[in-house]
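Novice: This is the structure I have questions about; it appears just below.
The values are calculated or read from the model by the stated rules, or taken from the named source; none is laboratory data. What you see is a predicted model, and the numbers here were worked out from it, not measured in a lab. FYI the Cβ positions are ideal-geometry reconstructions off the backbone, even for glycines, and counts take in every protein chain you see.
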Amino acid sequence: MPKTHKIEKLIEKIEGEATLHFHMKEKKISFVDIVFASSRGIEQILQNKPALDALVINPRVCGICGHAHLIATVKALEDCYEDIEISNKAKIIRELTLNFEIIQNHFKWFYLTIMPLLKEEQNVMRAAKPSQLMSKAIAHLAGQYPHNSYAIVGGVVCDPSPMDMLKVQHLLQETIRFFEAHLVHGESEKLLVCEKIEELLARGGDLPHILNKIVDQELQHCGKSFDRFIVFGENSYFQRGKASKTRIQPNISEVYLDVEANSNSLAKNVLYKQRYYEVGPLSRAMMLKTPLIKDAHRRFGDSLMSRILARVCETLQLLNHSLSLIKEIDLDEPSYIKPSTDIQHITGEGVGAVEAARGSLIHKVQLVEGTITSYQLITPTQWNLSQGTQENPGVSQQAMLGLEEIETAELVFKSFDVCSVCTTH
Amino acid sequence: MKTKLFWLQGLTCNGNAHSLLNYAGFEQFLEDFEFIYHPMIDSEHTLSSLVQNRKPCDILLIEGSIAEDFQRAGVGIVDIIALYAPEVKKIVTVGTCATFGGIFKDSPYHDSSGLLFLEEEPVTRFAHLKDKVLSVSGCPIHPEVLANTLYSVREEITVKMDSFHRPKAFFAYTVHNGCTRNEYFEYKVDKHTFGEREGCMFYDHGCQATYTHGSCNNILWNDVSSKTRVGQPCMGCTEPHFPKRDLYNTKKNMGIPQDLPLGVPKRVYLTLTGVTKAFKIERFSQKIFDA
């Protein structure tokens, strides 16, 4: 019987920290414990608070995806109403600002996390510049970024002028130019319709450079998991559903979600019908059948190669989609329609699901006369980092199995874009 | 010589770290400052090594609230602060959690607080460090406020501080100063509906800008706007009691707002209101682009 020994590694700079305990058998990883040692207890903090206070508290779950928490909150609260009207204008504006947050996240992840893991010097300004542009675009509509509470039950507080929308449009265009100057050189429009990964790898830019490096180091097949994907948030771009490999089932329900506590970690596991699923840009691309990602998936499966590619491609997709969304806004519509019943008279429960940068984010709330009696957050990283058993491991645990190098395992782990504060919240 | 910064995190959301990345002068900032540790930016040392052996450092930055049982890299945050406090020139509390306890003073950690304060009350644990402390409150910090506070330490500029150790250059103002909705407040036009460019959120929707210390409308957010400008009430995020309860409603006694503008006696407020209410100013009853 070959002996197992353990290697412990503290993973830093993941919006907090986590400890990975690698079980090594015959020089290969046979299992990984993922331990989060701290939780801030947001769900308890929300207990007995007036419903609308959640709009101020919840963005503070996370400094990098707090806006997704705001939008999930407002949707969950609105879902407590039997009948509530939200203007199309407000819906589009909410979708735009959430897109901008996802975009800034992806730039930061690629330049601050992924490039240094592949032994490239960290270029902070390549993360900061596009993030600043997108934060500015959010601020035009929401006042500031991070941490605004501009989405309220009934719509949004802002009333942007055509000039404001022009400024937002220019910031998007400037960010696309940044993408073309640094991430993938040349016209980005062709990239969106590109069907073969070779076309991308032949281009200049930081993304092809990194992907070529991954191929050179023969890591392109590392990090495969169950090839199961799920997407709960739906909007004018993302599609809801689940997939096993390329087989898509569009009908899913929050009713089948299970949240389970862990004995040795403060993060809770999330399952759908007792199975673990991957969430995030790769899952979203699988639902959308994005040509380039389909090609990557066909050849490399749900590996770190596909995951990295999907995330960067999504950045460009959302930039372009946001530009077209702006054109659809009718600024003459109301931004806010006062709900017919004040929330302090609302008793009921609601669910709000959105796609955040790292995947599906679900908020569940119960109100009694406008006071929060129960609040549950299910975050994307909980899906991806669920800690299963040796017999039934979680998505990222499965992805690290069989690897020999701890360094590679860290790269695979971080290819899920880990966020410690969201995982334990 | 670059000024060495150690960015240490307690119970936090990382929002302050992300907010600083939005500082327009960040490229120059990185020429003048070096992080011996930062939650996102690569640094010479790992957290594990820094908490075991003290490394040279000029300013200790603390983000997040502090609790006895809270650990970073296996060491209590209280011990890490104690290790670095004698070495550094200044300690800067970054954000409202590190300054007053903030949102996470209510986390399950029983003694969670700011470095020197729990809300307004002084905390004894680190009282001996108070001469070294500068507080930059805000949830999150305004990037310009933090960056320039750090520059003042680097340049050894004497900074006037308020009683919570906040630099007066930024915290002597109220968030109301510079708000584009000021006229509706000055002339007591008390009608406000969300989703409009017009109106003031002070009367009904809980806006705390007239009695909250901060430069949000003086130095705009992300260089372009502010919460109150777009129509979100100020939530008082720089202040000791953030977050208060029932944030979207103005508390009133007999129809009069309970919290009045900073330093304005109730009698003055009522007199002014009485005078302005006697007039109807046409411009303020119209949509701003129609007037």
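Novice: Would a scan of region B:167-190 turn up a residue that is more than 14 Å from chain A (Cβ to nearest Cβ), more than 24 Å from B:GLY263 (Cα to Cα), of a type in the set (Phe, Trp, Tyr) and touching a residue at least 60 places away in the same chain (Cβ under 8 Å)?
Specialist: No, there is no match, as no residue in region B:167-190 is more than 14 Å from chain A (Cβ to nearest Cβ), more than 24 Å from B:GLY263 (Cα to Cα), of a type in the set (Phe, Trp, Tyr) and touching a residue at least 60 places away in the same chain (Cβ under 8 Å).
Novice: Suppose we filter A:PRO130, A:PRO146 for residues that are more than 10 Å from every other protein chain (Cβ to nearest Cβ) and buried (at least 24 other Cβ atoms within 10 Å of the Cβ); which single one remains? Reasoning before the result, please.
Specialist: Numbers: A:PRO146 fails: more than 10 Å from every other protein chain (Cβ to nearest Cβ).
Just a single option satisfies the conditions, and that option is A:PRO130.
Novice: Identify, from the list B:THR238, B:THR228, the residue that is closer than 15 Å to B:THR193 by Cα and not small (Gly, Ala, Ser).
Specialist: B:THR228
Novice: Tell me the residue from B:ASN182, B:ASN217 that is touching a Lys or Arg at 6+ places or on another chain (Cβ under 8 Å) and modelled with pLDDT of 95 or more, please.
Specialist: Among B:ASN182, B:ASN217, only B:ASN217 is touching a Lys or Arg at 6+ places or on another chain (Cβ under 8 Å) and modelled with pLDDT of 95 or more.
Novice: I would also like to ask the following. Every residue in region A:172-231 that is within 30 Å of A:LEU271 (Cβ to Cβ) and without any contact (Cβ under 8 Å) to a residue 24 or more places away in the chain, please.
Specialist: Across region A:172-231, there are no qualifying residues.
Novice: Tally up the residues in region A:358-393 that are in a strand (DSSP E or B) and farther than 15 Å from A:ASN262 by Cα, please. Show your work before the answer.
Specialist: So in region A:358-393, the residues in a strand (DSSP E or B) come out as A:359-368, A:371-378.
Those left that are additionally farther than 15 Å from A:ASN262 by Cα: A:359-368, A:371-377.
The total comes to 17.
Novice: Scan region B:193-250 for residues that are more than 9 Å from every other protein chain (Cβ to nearest Cβ), surrounded by fewer than 24 Cβ atoms within 10 Å (Cβ to Cβ) and not in a loop (DSSP other than H, G, I, E, B) and jot them down.
Specialist: Matches in region B:193-250: B:THR210, B:TYR211, B:HIS213.
Novice: Does B:ILE66 count as crowded, with 20+ Cβ neighbours inside 10 Å and more than 12 Å from chain A (Cβ to nearest Cβ)?
Specialist: Spelling it out, B:ILE66 is indeed crowded, with 20+ Cβ neighbours inside 10 Å and more than 12 Å from chain A (Cβ to nearest Cβ).
Novice: Here's another thing I want to ask about it. Can you pull out every residue in region A:163-196 that is acidic (Asp, Glu) and not in a loop (DSSP other than H, G, I, E, B)?
Specialist: The initial filter retains those residues of region A:163-196 that are acidic (Asp, Glu), namely A:164, A:174, A:180, A:187, A:189, A:195.
A:ASP164, A:GLU174, A:GLU180, A:GLU189 - these are the residues of region A:163-196 that are acidic (Asp, Glu) and not in a loop (DSSP other than H, G, I, E, B).
Novice: Which pairs have Cβ atoms under 6 Å, sit 6 or more apart or on different chains, and link a residue in region A:256-273 that is without any contact (Cβ under 8 Å) to a residue 40 or more places away in the chain to one that is of a type in the set (A, V, I, L, M) and surrounded by 16 or more Cβ atoms within 10 Å (Cβ to Cβ)?
Specialist: These pairs meet every condition: A:ASP258/A:LEU271.
Novice: May I pose another question? Quick check on my filter: what residues within region A:177-206 are aliphatic (A, V, I, L, M), under 23 Å from A:LEU133 (Cα atoms) and surrounded by 20 or more Cβ atoms within 10 Å (Cβ to Cβ)?
Specialist: A:LEU183, A:VAL184, A:LEU191
Novice: I need the full set of residues from region B:113-126 which are assigned to a loop (DSSP other than H, G, I, E, B) and within 18 Å of the chain's Cα centre (by Cα), in order please.
Specialist: B:GLY114, B:LEU115, B:LEU116, B:GLU119, B:GLU120
Novice: Looking at (1) closer than 20 Å to A:THR315 by Cα; (2) within 13 Å of chain B (Cβ to nearest Cβ); (3) surrounded by 24 or more Cβ atoms within 10 Å (Cβ to Cβ), find the lone condition where A:ILE103 falls short.
Specialist: For A:ILE103, the failing item is (2).
Novice: Does A:SER306 satisfy the criteria of being at pLDDT 95 or above, exposed (fewer than 14 other Cβ atoms within 10 Å of the Cβ), small (Gly, Ala, Ser) and in a helix (DSSP H, G or I)?
Specialist: It is false that A:SER306 is at pLDDT 95 or above, exposed (fewer than 14 other Cβ atoms within 10 Å of the Cβ), small (Gly, Ala, Ser) and in a helix (DSSP H, G or I).
Novice: I need a count of the residues in region B:88-111 that are in contact with a helix residue (DSSP H, G or I) (Cβ under 8 Å, 6 or more places away or on another chain), in a loop (DSSP other than H, G, I, E, B) and in contact (Cβ under 8 Å) with a residue 40 or more places away in the chain.
Specialist: 5
Novice: Hey, can you tell me all the residues within region A:311-346 that are in contact (Cβ under 8 Å) with a residue 24 or more places away in the chain, surrounded by fewer than 16 Cβ atoms within 10 Å (Cβ to Cβ) and in a loop (DSSP other than H, G, I, E, B)?
Specialist: If the condition is that a residue be in contact (Cβ under 8 Å) with a residue 24 or more places away in the chain, surrounded by fewer than 16 Cβ atoms within 10 Å (Cβ to Cβ) and in a loop (DSSP other than H, G, I, E, B), then A:ASP330, A:LEU331, A:GLU333, A:LYS338, A:SER340, A:THR341, A:ASP342 are the ones that fit.
Novice: Return the residues of region B:77-107 that are more than 12 Å from chain A (Cβ to nearest Cβ) and under 17 Å from B:MET161 (Cβ atoms); say none if nothing qualifies.
Specialist: B:LYS89, B:LYS90, B:ILE91, B:VAL92, B:THR93, B:ALA98, B:THR99, B:PHE100
Novice: Among residues belonging to region A:82-95 that are within 13 Å of chain B (Cβ to nearest Cβ) and in contact with an Asp or Glu (Cβ under 9 Å, 6 or more places away or on another chain), point out the one that is farthest from A:THR347 (Cα to Cα).
Specialist: By that ranking, first place goes to A:LYS89.
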